[in-house]
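Notes follow the structure.
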Amino acid sequence: MAYLELNNIYKTYGQGDTEAEVLSNINLSIEEGEFVAIVGFTGSGKTTLVNLINGLIEPTKGEVLFKGEPVSGTSHERGVIFQNYSLLPWLTVGQNVYMAVKEAFPKKSKKELQEIVADYVEMVSLTPAINKRPKELSGGMRQRVAVARALAMKPEMIIMDEPLGALDALTRGNLQDEILNIWGKEKRTALLITNDVDEGIYMADRIIPLRPGPNATLGPEFKIDIERPRDKTELNDNANFKKTRNAIIEYLMDIGEERKSDSIEEIILPDLSPKDFVNQFKYKIL
Amino acid sequence: MKQSLTLGKVTKFIGLGFLSTIKDLFTGNIDKEDFKTLLRKTIVPLASILLFIGLWHMGAKALYNKEADFKIEKALTDQGQAAADAMEACIASGDVSCKPNTLPSPSQVWDSYKSLLRDHNIIAADKAAFKEKTAALNEKRVADGLDEITYTGRPSFVDQIFRSLKTVFAGFLLALLIAVPLGIFIGLSPTLKSAFNWFIQIFKPVSPVVWYLLVFMIVKTLLIDSNEDSSFTISFISVGLCSMWATLVNTAMGVSSVDKDYINVAKVLKLGSFQKIFKVVLPSSLPLIFTGLKITLSVAWMVLIAIELLAQSPGLGLFVWEEFQNGANDSNAKIIVAMFVIGIIGFLLDRLMLTIQNWVSFDKTDAI
Ligand SMILES: Nc1ncnc2c1ncn2[C@@H]1O[C@H](COP(=O)(O)OP(=O)(O)O)[C@@H](O)[C@H]1O
Ligand SMILES: [Mg+2]
């Protein structure tokens, strides 16, 4: 029994004419303590997949098992870093983190909670901005608050939806190391959604591409056999790194090409055979 | 330096930012940009006020002449030259019996304003004297378990203003106490929303007069065995019911349209429903609730005048009505004074709400 298991997941949005199947036949299993990255194009259904795992939405078909139990609703065991920060704008940086910590550790005293808040705000180097509201922060700073908020709850599993996308290279590197540090030290399990292959290779044990939607499915996995702790500067000279990186990028480019030719066909097809006409025709035959 | 900074902040905060520019003008530290702002924010409004008064003056004069000419003409055709001359002399003397009763000029209005103030000072002095005179007697009456003797003289103009403010605040408070909680419930529950929707749609456009009559019917019966004057109760309830709709609709809308991201945060943090409402839903709908309250207060102030008039409840509305009925020499001028007072108080109430809104809201936009 894997730690997290997705079995034959399908997810459809809308009904009737607007119905669209975003995810099709998704199978994924993650072991405890593993660090898995999923890479994919924008709009392929990565956020949908993440929300299925954290319990914000339910699959149309299939099941999500967390430690053997079907996921129903959210849980403090699974921490989430949202793609769009999702900070509460009327609270300061400190209050945003405090609110989360207080929910996660209801038994701790106010002073203990405040210490945790201070630690995690310091970790994302936002101590000088602790009393500022999200409006006064840059996009990158807001994303760091979101990271601090999720990690401060000390979840068993960290689910990250493109958490570092809006950051400058330097902060990005620092936060990657912080996340790796926490994951390694406290034996967490991590799922990282990213559109940066290098980030995936630097951080994860396995990289799985999500093929572009609609009907997105997971592609073949790529194992990253590079010893930890990994060193960013040395990584570029590592033969294994280069090989894996090229393989993944080639795969992504191939499905990117496929998608282009697919979309051309899709545009032509409905022109040739109007839906209603075909349906009427069918009924007559029947 | 620090003090002037906070002064600037405060005045800007309550929407009177131009005051600090005027101060800069006097202290001499002003540059070209500031001067342009000064021109736009103070000189231009002042000039337009002067222009307005000028046009008003000329308009009033034209109306006066038209009515005077008509009266003289009428005397001439009806009764001949002698009557026409007498009428002309009478009008020139300013006698009440023949004075054209039309739009008063700015200077007449200003005179009326001063006479209203004088009147207020006299009444206030009278009241103070009465209080002093009856103090000993009242003490005794209270000791004997009797009611105090109260001043029952005519209220002054300023007293009427305070009565009106009292009515409007009572009405506003009633609207707030009904509309905000109800709006929250409606916003949270789609079932309640469809239950209340017809109700809101039908009652929202009902006119103040009809609200007054409805409240009158109900309150009159409820208070049938009390000999208290119910006009205040009736008017503040009518004001509240008339004005609460904007707050009700805005609160419901704010609560039901909370950003999905915030709801997701509440779910991921696993907030209880109480926490979710007070920590996420309400703060996020506060700007809309306040927009509603602001509209409610201005509607309350606007309908108040009509309702006081109908309810015969003391206040500016009744003042205006009595002056209109009265038809004294300066009645029209007093009505215009009341109009300006009503307008200025309405503006100040709006500013007050804006200040409170800026103060409690996270969304510090300069709403007007
Ligand atoms: N709540 C929703 N209702 C309808 N369609 C949705 C909804 N959420 C996402 N989608 C659609 O599903 C697809 C995948 O979206 P998303 O999971 O956000 O992709 P990604 O995170 O990879 O960019 C998109 O085409 C998007 O328009
Ligand atoms: Mg996404």
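The values are calculated or read from the model by the stated rules, or taken from the named source; none is laboratory data. Since the model is a prediction, treat every value here as computed from it, not as a measurement. Positions of Cβ are generated from backbone atoms using ideal geometry, with glycine treated the same way; all protein chains shown enter the neighbour counts. These accessible areas exclude ligands, DNA and RNA; they are computed on the full protein's heavy atoms, side chains included. Shrake-Rupley method; radii C 1.70, N 1.55, O 1.52, S 1.80 Å.
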Taking the Cα centre as origin and putting +1 on Lys and Arg beta-carbons and -1 on Asp and Glu beta-carbons, what dipole magnitude results for segment B:267-358, to the nearest 20 debye? 1000 debye
Show the residues, 5+ positions off or on another chain, whose built amide H is closer than 5 Å to the amide H of A:Ile38. A:Leu192, A:Ile193, A:Thr194, A:Ile208
Using each residue's phi in segment A:234-249, evaluate 6.51 cos²θ - 1.76 cosθ + 1.60 at θ = phi - 60° and report the 3J(HN,Hα) Karplus result to the nearest Hz, with x for Gly and Pro. 6, 3, 4, 9, 6, 4, 4, 4, 4, 5, 4, 4, 4, 4, 5, 5
Convex hull over the Cα atoms of chain A, averaged projected area in nm²? 18.7 nm²
Name the residue from A:Val124, A:Ser44, B:Val215 whose Cα lies farthest towards the positive end of the charge dipole of the protein assembly as shown, charges +1 on Cβ of Lys and Arg and -1 on Cβ of Asp and Glu. B:Val215
Name the residues whose placed amide hydrogens come within less than 5 Å of the amide hydrogen of A:Ile57, ignoring near sequence neighbours (fewer than 5 apart) on the same chain. A:Leu52
Multiplying the sequence separation of B:Asp31 and B:Leu214 by 0.36 nm and subtracting their Cα-Cα distance, what value in nm do you get? 59.9 nm
On average, how many beta carbons from a partner chain sit within 10 Å of the beta carbon of a residue in A:86-94? 5
accessible surface per residue for chain A, probe 1.4 Å, DNA/RNA/ligands not counted, whole Å² -> 51 Å²
Given a 1.4 Å probe, show me the residues in segment A:38-63 buried by at least 30 Å² of accessible surface when comparing the whole protein assembly to the chain alone. A:Leu56
Test of understanding: in a Gaussian network model of chain B with alpha carbons linked when under 10 Å, which of B:Asn101, B:Asn326, B:Asn264 would top the mean-square fluctuation ranking? B:Asn264
After finding the eigenvalues of the alpha carbon gyration tensor for chain B, what semi-axes result from the square roots of 5 times each, listed largest first in whole Å? 45, 32, 24
Can you work out the Karplus-derived ³J(HN,Hα) for every residue in segment B:37-49? Use 6.51 cos²θ - 1.76 cosθ + 1.60 with θ = phi - 60°, whole Hz, and x for glycine or proline. 4, 4, 4, 6, 8, 10, 5, 4, x, 4, 4, 6, 5
Using modelled backbone amide H atoms (1.01 Å from N, in-plane), which distant-in-sequence or interchain residues come within less than 5 Å of A:Ala216's amide H? A:Leu23, A:Ser24
Dipole in debye (nearest 20) - the protein assembly as shown, about Cα centre, beta carbon charges: Lys, Arg +1; Asp, Glu -1: 1100 debye
Using a 1.4 angstrom probe with every protein chain in place, what is the largest-first accessible-area order of A:Leu164, B:Leu214? B:Leu214, A:Leu164
Leaving ligands, DNA and RNA out of it, report the carbon-plus-sulfur percent of the accessible area of the protein assembly as shown at a 1.4 Å probe. 60 percent
Going from the alpha-carbon gyration tensor of segment B:28-170, what semi-axes, largest first and in whole Å, does one get by taking the root of 5 times each eigenvalue? 44, 35, 12
Picking from B:Ile49, B:Ile161, B:Ile305, which is most flexible by a Gaussian network model of chain B using Cα springs under 10 Å? B:Ile49
Positive end of the charge dipole of chain B (Lys, Arg +1 and Asp, Glu -1 on Cβ, about the Cα centre): tell me which of B:Val239, B:Ala89, B:Tyr64 has its Cα farthest that way. B:Val239
How much accessible area is lost when chains B and A come together, counting both sides, with a 1.4 Å probe, in Å² rounded to the nearest 100? 1800 Å²
Convex hull per residue volume in Å³, alpha carbons only, for segment B:155-360: 135 Å³
Could you pull out the pairs from A:Lys110/A:Lys154; A:Lys67/A:Lys223; B:Lys166/B:Lys220; A:Lys67/A:Lys108; A:Lys154/B:Lys267 whose alpha carbons sit more than 19 Å apart here? A:Lys67/A:Lys223; B:Lys166/B:Lys220; A:Lys67/A:Lys108
Positive dipole terminus of segment B:232-318, leading residue within B:Ser298, B:Ser257, B:Gly317 (C-beta point charges): B:Ser257
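Rank these by accessible area, largest first, 1.4 Å probe: B:Met58, B:Met87, B:Met302.
B:Met302, B:Met58, B:Met87
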Ignoring ligands and nucleic acids, what accessible area does A:Glu122 show with a 1.4 Å probe (Å², nearest 10)? 110 Å²
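Let's see if you can work this out: charge +1 on each Lys and Arg Cβ, -1 on each Asp and Glu Cβ, no other charges. What is the dipole magnitude of chain A about its Cα centre, in debye to the nearest 20?
940 debye
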Surface per residue (accessible, 1.4 Å probe) for chain B, Å²: 59 Å²
Let me cross-check B:Lys267: its accessible surface, 1.4 Å probe, with only protein heavy atoms counted, in Å² to the nearest 10? 90 Å²
Stokes-Einstein D for segment B:287-368 at 25 °C, 0.890 mPa s, Kirkwood Rh over Cα pairs, in µm²/s? 172 µm²/s
So what does B:Ile344 come to for accessible area, using a 1.4 Å probe and Å² rounded to 10? 100 Å²
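Just to verify a number: FRET efficiency for B:Asp85 and B:Arg154, C-beta to C-beta distance, R0 = 35 Å, to 0.05?
It comes out at approximately 0.30.
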Which value, in Å to one decimal place, does the Kirkwood hydrodynamic radius take for segment B:194-238 when every pair of different Cα atoms is included? 11.8 Å
Could you tell me how many degrees, from 0 to 90 and to the nearest 10, lie between the Cα long axis of helix B:231-256 and the main elongation axis, the longest principal axis, of the Cα atoms of chain B? 40 degrees
quick shape note, the protein assembly as shown: Cα extents on principal axes in Å, largest first -> 119, 75, 67
Tell me, what HN-Hα J-couplings in whole Hz come from the Karplus equation 6.51 cos²θ - 1.76 cosθ + 1.60 at θ = phi - 60° for each residue of segment B:257-264, using x for Gly and Pro? 10, 5, 3, 4, 4, 5, 5, 4
If you average the alpha carbon positions of segment B:164-179 and of segment B:321-352, how far apart do those two centres end up, in angstrom? 21 Å
How many percent of DSSP beta bridges within the protein assembly as shown run antiparallel, rounded to 5? 45 percent
